[in-house]
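Contents: one structure, followed by commentary.
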Amino acid sequence: MSKKALISGITGQDGSYLAEFLLGKGYEVHGIIRRSSSFNTERLDHIYQDRHITGVKLFLHYGDLGDSASLMTLLHNLQPDEIYNLGAQSHVRVSFEVPEYTGDITALGATRVLDAVRQAAPKARFYQASSSEMYGMVQAVPQREDTPFYPRSPYGVAKVYAYWMTVNYRESYQLHASNGILFNHESPRRGETFVTRKITRALARIKAGLQKELYLGNLDAKRDWGYAPEFVEAMWMMLQQEKGDDYVIATGETHSVREFLEEAFGCANLDWEKYVKIDSRYYRPAEVDLLIGDASKAKKILGWQPKITFKELVRIMVQADAELLAAQLSGKHIRS
């Protein structure tokens with residue numbers, strides 16, 4: 001009998017890759033989506049298009065991390081073996097604009113899921129998507145599982161709350177609950193407002209003569225950038241362990257936004273300095289200057305380590321956005 005997994009945030013970058021990964025392992029996959037006036041399942045559409053051929057089991061359910069009743073009912077009815085809480089208001093800069101909403105969905109949303117697990121599906125294994133943004137003004141370099149948190153945004157603060165609630169429910173109710181402290185991870189499915197995807201999309205348009213300038217904020221911010229499909233595999237690995245625990249997932253390298261620009265525009269033989277303009281609107285009220293993770297624990301216990309290099313990641317994204325734009329201009333649809 002196949003395992004059953006439930007994913008919140010299934011329509012996002014990580015959720016869509018995780019759904020593919022689990023389906024490939026024979027899971028029955030269920031996802032929570034919010035009701036809206038328009039569909040937001042683009043990252044999953046190819047799975048539905050192929051399901052009559054492959055026989056995959058993917059089911060979407062309306063629900064919301066702000067509605068504990070819907071979560072309770074869903075868990076009671078499904079009785080999943082594994083639950084991945086990837087849903088959140090996940091944009092750091094936006095969290096300064098909507099701090100209350102960010103706290104409600106990103107922090108309390110995780111608590112609502114945890115309590116639904118406790119009451120309706122206590123044997124399920126739970127994964128909480130924690131973030132390197134919890135480290136904020138870093139207290140040690142590199143950052144490990146025991147590095148103190150110092151969040152510098154409402155998003156980071158909300159993630160710290162969700163992290164400790166996960167630990168608390170694990171210790172108080174003996175739940176199999178794990179935190180994956182994931183450092184930045186990118187892909188062609190990254191949201192278009194995140195800086196890496198903003199760069200590669202703009203580059204494709206500049207190369208095609210459709211855009212002349214790209215406006216960005218702090219180019220000196222340094223991040224530990226990995227490849228999203230590899231990171232979702234680490235999520236699954238955590239829930240295959242005998243007991244829940246907390247793991248840093250990172251590449252161990254840090255690169256600035258400026259370096260990302262240089263690498264990306266270099267793929268197109270363009271000088272980024274001729275196109276990039278600085279706009280103070282894109283600066284955060286409180287900046288996180290440096291993030292670099294130490295995934296030694298994940299390597300030792302899970303057997304996980306990154307394979308795609310920084311340069312390969314940039315090249316993958318640049319090529320994908322160039323192909324996507326070409327397909328859009330020709331009226332075709334391609335899968336990333």
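The values are calculated or read from the model by the stated rules, or taken from the named source; none is laboratory data. On a predicted model such as this, the values are computed, not experimentally measured, just so you know. Positions of Cβ are generated from backbone atoms using ideal geometry, with glycine treated the same way; all protein chains shown enter the neighbour counts. The accessibility values were calculated without ligands, DNA or RNA, using every heavy atom of the protein model including side chains. Shrake-Rupley method; radii C 1.70, N 1.55, O 1.52, S 1.80 Å.
Brief remarks follow.
- A 1.4 Å probe, protein heavy atoms only, puts the accessible area of ARG205 near 80 Å².
- Carbon + sulfur, % of accessible area of the chain - ligands and nucleic acids excluded, 1.4 Å: 50 percent
- Using the Cβ of HIS255 as centre and a radius below 12 Å, the other residues enclosed give a net charge of -3, where K and R count +1 and D and E count -1.
- Using the Karplus relation 6.51 cos²θ - 1.76 cosθ + 1.60 with θ = phi - 60°, the per-residue 3J(HN,Hα) values for the range 133-138 come to 5, 5, 6, x, 7, 4 Hz, with x marking Gly and Pro.
- Of the chymotrypsin sites (Phe, Trp or Tyr not before Pro) found in the range 174-225, no site is in coil according to DSSP while having at most 12 other Cβ atoms within 10 Å of its Cβ.
- The range 226-315: relative contact order as a whole-number percent, Cα under 8 Å and 6+ apart: 50 percent
- Cα pair count fraction exceeding 20 Å, expressed as % - the range 204-336: 58 percent
- Loop-resident GluC sites (Glu not before Pro) (DSSP state other than H, G, I, E or B) in the range 165-270 with no more than 14 further Cβ atoms inside 10 Å of their Cβ: GLU192, GLU213, GLU242.
- The HN-Hα couplings worked out from phi for the range 22-28 by the Karplus form 6.51 cos²θ - 1.76 cosθ + 1.60 (θ = phi - 60°) are 5, 4, x, 9, x, 6, 8 Hz, whole numbers, x standing for Gly and Pro.
- Taking label positions 7 Å along the Cα-Cβ direction at both THR193 and GLN319, the computed distance is 3.0 nm, reported to one decimal.
- Separation in nanometres of the label points that stand 7 Å from Cα toward Cβ, at ARG34 and GLU233: 3.2 nm
- Calculated FRET value between TYR101 and ALA69, using beta carbons and R₀ = 25 Å, to 0.05: 0.85
- Taking amide H as placed 1.01 Å from N in the peptide plane, LYS57 has its amide H under 5 Å from the amide H of VAL29, each at least 5 places away in sequence or on another chain.
- Sparsely packed trypsin sites (Lys or Arg not before Pro) within the range 211-320, loop by DSSP, other Cβ within 10 Å at most 15: LYS212, LYS243, LYS307
- Contact order relative to length of the chain, as percent, for alpha carbon pairs under 8 angstrom and 6 or more apart: 17 percent
- Other-chain or far-sequence residues with amide H under 5 Å of TRP304's (modelled H): LYS299
- Taking Cβ atoms as reference points and 14 Å as the exclusive limit, the residues near ASN40 contribute a net charge of 0, counting Lys and Arg as +1 and Asp and Glu as -1.
- Taking a straight Cα-Cα cut-off under 16 Å and skipping sequence neighbours fewer than 8 places away in the same chain, the lysines within cross-link reach of LYS311 are LYS222.
- Charge-dipole axis of the range 158-211 as Lys and Arg at +1 and Asp and Glu at -1 on Cβ define it, positive-most pick from SER187, ILE206, SER172: ILE206
- Solvent-accessible ranking of ASP289, ASP224, ASP271, largest area first, probe 1.4 Å: ASP289, ASP271, ASP224
- Helix 68-78 and the longest principal axis of the C-alpha atoms of the chain enclose an angle of approximately 70°.
- In this structure, the amide hydrogen of LEU182, modeled 1.01 Å from its nitrogen in the peptide plane, lies closer than 5 angstrom to those of SER130, SER131, SER132, ILE249, counting only residues at least 5 positions away or on a different chain.
- When only Cα pairs below 8 angstrom with a gap of at least 6 residues are kept, the range 118-213 shows a relative contact order of 29 percent.
- Relative to the Cα centre, the charge distribution of the range 88-197, modelled as +1 at Lys and Arg Cβ and -1 at Asp and Glu Cβ, gives a dipole magnitude of about 300 debye.
- Counting only Cβ charges, +1 for Lys and Arg and -1 for Asp and Glu, the dipole size of the chain around its Cα centre is about 540 debye.
- Legend: distances between Cα atoms for LYS159/LYS212; LYS212/LYS307; LYS57/LYS123; pairs beyond 30 Å are LYS159/LYS212; LYS212/LYS307.
- Fully extending the segment from ASP220 to TYR283, taken as 0.36 nm per residue of separation minus the present Cα-Cα distance, adds 21.6 nm.
- Averaged per residue, the range 221-336 has 51 square angstrom of accessible surface, using a 1.4 angstrom probe with ligands and nucleic acids left out.
- Folded to 0 to 90 degrees: helix 228-239 orientation relative to the chain principal axis, Cα: 20 degrees
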